[in-house]
Amino acid sequence: MTGKFIVIEGLEGAGKTTAINTVARILNQHNIDDLQFTREPGGTPIAEALRHIIKNGLDNEPLTDKAELLMLYAARIQLIDNVIKPALKAGKWVIGDRHDLSTQAYQGGGRQLDKAFMVTLKEQVLGNFKPDLTLYLDIDPEIGLMRARTRGELDRIEQQSLPFFERIRQCYLEIAEQDKTIIIIDAAKSIDDVTKHIEQILTKWLTKQV
Ligand code: T5A
């Protein structure tokens with residue numbers, strides 16, 4: 001039996017780290033213990049090197065929006081082919097900290113890259129590969145960035161303006177409304193309430209998988 005791919009999505013400071021721990025705990029309670037954790041961009045040596053450039057830049061050379069997009073897909077396909085697909089094939093369940101929905105929201109909505117180019121690129125790189133379930137933690141970017149700031153300095157992307165993050169949120173919501181595999185979680189609520197909502201959603205979803 002192949003495993004399933006569950007992804008946690010959301011703006012910076014939405015609470016993805018806590019949500020990932022909650023998902024893992026619930027899977028364990030359902031005797032699903034063989035878990036593979038991934039993060040994007042990243043998760044393989046090459047993908048982690050690309051992550052470093054995407055988040056921090058390199059030697060003050062301007063990173064163009066298109067180059068950023070291509071690096072994200074290069075990192076993603078390294079991760080899919082070398083980690084995610086082999087894990088799923090071996091029956092592991094994969095819990096992803098971000099996946100392609102981030103690209104649609106950040107590079108499509110935030111950077112406003114050409115839609116036709118993005119559609120073609122996605123089709124060419126990913127084909128029909130997609131998560132079985134995505135939990136999108138919806139947060140007002142002002143609140144999310146405030147939470148993220150408590151962690152320390154903001155990286156290259158986190159330093160963008162508020163309208164950039166508002167466009168990203170809008171894009172996340174628009175895509176989520178059209179895709180039944182994406183569930184919206186109100187991440188402005190307390191950690192306890194968010195955790196309870198995730199428990200509820202995931203438990204219900206798991207009963208449909210067996
Ligand atoms: N990116 C990524 C793209 O542009 N395109 C892509 O295709 C991909 C894959 C990745 C960056 O790359 C961009 C997006 C990102 O800018 P990252 O570090 O993986 O960077 O992602 P971040 O979103 O930056 O990670 P964060 O750690 O900021 O977000 P989290 O994980 O959602 O936040 P978390 O869980 O650490 O929470 C932050 C703080 O808030 C508190 C936590 O305790 C923590 O202190 N918190 C709450 N406080 C109150 N109430 C709640 N409900 C709370 N939930 C958490």
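The values are calculated or read from the model by the stated rules, or taken from the named source; none is laboratory data. All values reported here derive from a predicted model rather than from experimental measurement. Cβ placement follows ideal geometry from the backbone for every residue including glycine, while neighbour counts extend to all protein chains displayed. The accessibility values were calculated without ligands, DNA or RNA, using every heavy atom of the protein model including side chains. Shrake-Rupley method; radii C 1.70, N 1.55, O 1.52, S 1.80 Å.
List the extent of the Cα atoms of segment 77-210 along each of their three principal axes, largest first, rounded to whole Å.
41, 40, 30
Calculate the FRET efficiency for Leu173 and Leu206 from the Cβ-Cβ distance with a Förster distance of 25 Å, rounded to the nearest 0.05.
Details: r = 25 Å, r/R0 = 1.01.
In this case the efficiency is close to 0.50.
Determine the calculated [θ] at 222 nm for the chain from helices alone, applying -39500 (n - 2.57) to every DSSP H run no shorter than 4 residues and normalising by the residue count; nearest 500 deg cm²/dmol.
On the way: 9 runs with 107 residues, N = 210.
The helix contribution divided over the chain gives -16000 deg cm²/dmol.
Taking just the alpha carbons, could you work out the radius of gyration and Dmax for segment 3-107, both in angstroms?
14.6, 48
Report the extension gain between Asp193 and Leu63 in nm, rounded to one decimal, defined as 0.36 nm multiplied by the number of residues separating them, less their alpha carbon distance. If you can, show how the numbers build up before the last one.
Working: separation 130, 0.36 × 130 = 46.80 nm, distance 3.91 nm.
So the extension gain works out to 42.9 nm.
Have a look at Glu166, Glu68, Glu123 and tell me which one the Gaussian network model of the chain (Cα, springs below 10 Å) gives the largest fluctuation.
Glu123
In Å², and per residue, what accessible area does the chain have when probed at 1.4 Å with the other protein chains present? Spell out each step's value before the answer.
Details: 10990 Å² over 210 residues.
Per residue, the chain has an accessible area of 52 Å².
For the pair Glu166 and Leu154, how long in nm is the line joining their label points, each one 7 Å along Cα→Cβ?
1.5
Could you tell me the extents of segment 67-149's C-alpha atoms along the three principal axes, largest first, rounded to whole Å?
41, 29, 19
Among Gly110, Gly57, Gly144, whose mean-square fluctuation peaks in a Gaussian network model of the chain (Cα, cutoff 10 Å)?
Gly57
Going 7 Å from the Cα of Gln29 toward and past its Cβ, which residues in segment 123-162 have a backbone nitrogen under 20 Å from where you end up?
133-137
Share of the chain's accessible area from carbon and sulfur, percent, 1.4 Å? Kindly include the intermediate steps, with their values, before the conclusion.
Numbers: 5650 of 10990 Å².
Here it works out to 51 percent.
Work out the length of the dipole vector of the chain about its Cα centre, built from +1 on the beta-carbon of each Lys and Arg and -1 on the beta-carbon of each Asp and Glu, and round it to the nearest 20 debye. All intermediate terms of the calculation are to be shown ahead of the outcome.
Numbers: 27 positive and 30 negative charges, 108 e Å.
I would put it at about 520 debye.
Testing the spin-label approximation: label points 7 Å from Cα along Cα→Cβ at Ile143 and Phe117. State their distance in nm.
3.5
Just order 70-77, 44-51 by mean Cβ neighbour count inside 10 Å, highest at the front, would you? Mind showing how you got there, number by number?
On the way: 70-77: 19.5, 44-51: 17.1.
Taking the mean over residues of other Cβ atoms within 10 Å, the ranking is 70-77, 44-51.
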